[in-house]
Amino acid sequence: MRENGVVLPTCPGEAMTDERAPARPPEVTTVTLREQRNADGFRRLSVDRRPDGGIFIEGHDLGPGVERNFGAGLSEYEWAWVVGPDAVPALLAALGGREDDDPLRLLAAWSNTHDGADPGPHLRAAGVPIEFWNRVGDWT
């Protein structure tokens, strides 16, 4: 049965079908692995699923903790890891996952069981094809 252009179920339990049916909720595309503020400053680590299916891990640290590691006047550190879409199966394997697992969920679980650690070095050590970029400077 059709009402106002919408196909209505004709019997209880029948699925409604129409080109205007509600869309599936969008997939999660960003997960925060770590975000903290304390006397050492601000630290954030997140992972994004790119539109092409690749994975982008991004870190950003600000404050005295960065200066202690890099020297006076250097209070900001940014870095990123990029896993191309063709390397996602290797990422899944490195995290103990299967082909149909969500890489964001696996990365979050790995980071959570490693005290909020950046999974990038683990992925590189496991042989996942991964690119790295970083920058240190002063944010003030």
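Exposure proxy shown here: for 102, 115, the number of other Cβ atoms within 10 Å sets the order, fewest to most, as 115, 102. For segment 29-137, the relative contact order comes to 26 percent (Cα pairs under 8 Å, sequence separation of at least 6). When only the Cβ of Lys, Arg, Asp and Glu is charged (+1, +1, -1, -1), the dipole of segment 88-140 relative to its Cα centre reaches about 100 debye.
Taking other Cβ atoms within 10 Å as a rough exposure proxy, 68, 98, 44 sort from fewest to most as 98, 68, 44. For segment 76-87, backbone phi angles converted through the Karplus equation (6.51, -1.76, 1.60; θ = phi - 60°) give residue-by-residue couplings of 9, 10, 10, 8, 8, 10, 10, 10, x, x, 5, 9 Hz, Gly and Pro being listed as x.
None of the figures in this text is laboratory data; all of them are computed from the coordinates on show. Every value quoted in this text rests on a predicted model; they were computed, and no experiment measured them. Cβ sites come from the backbone with ideal geometry, for glycine too, and all protein chains shown count toward neighbours.
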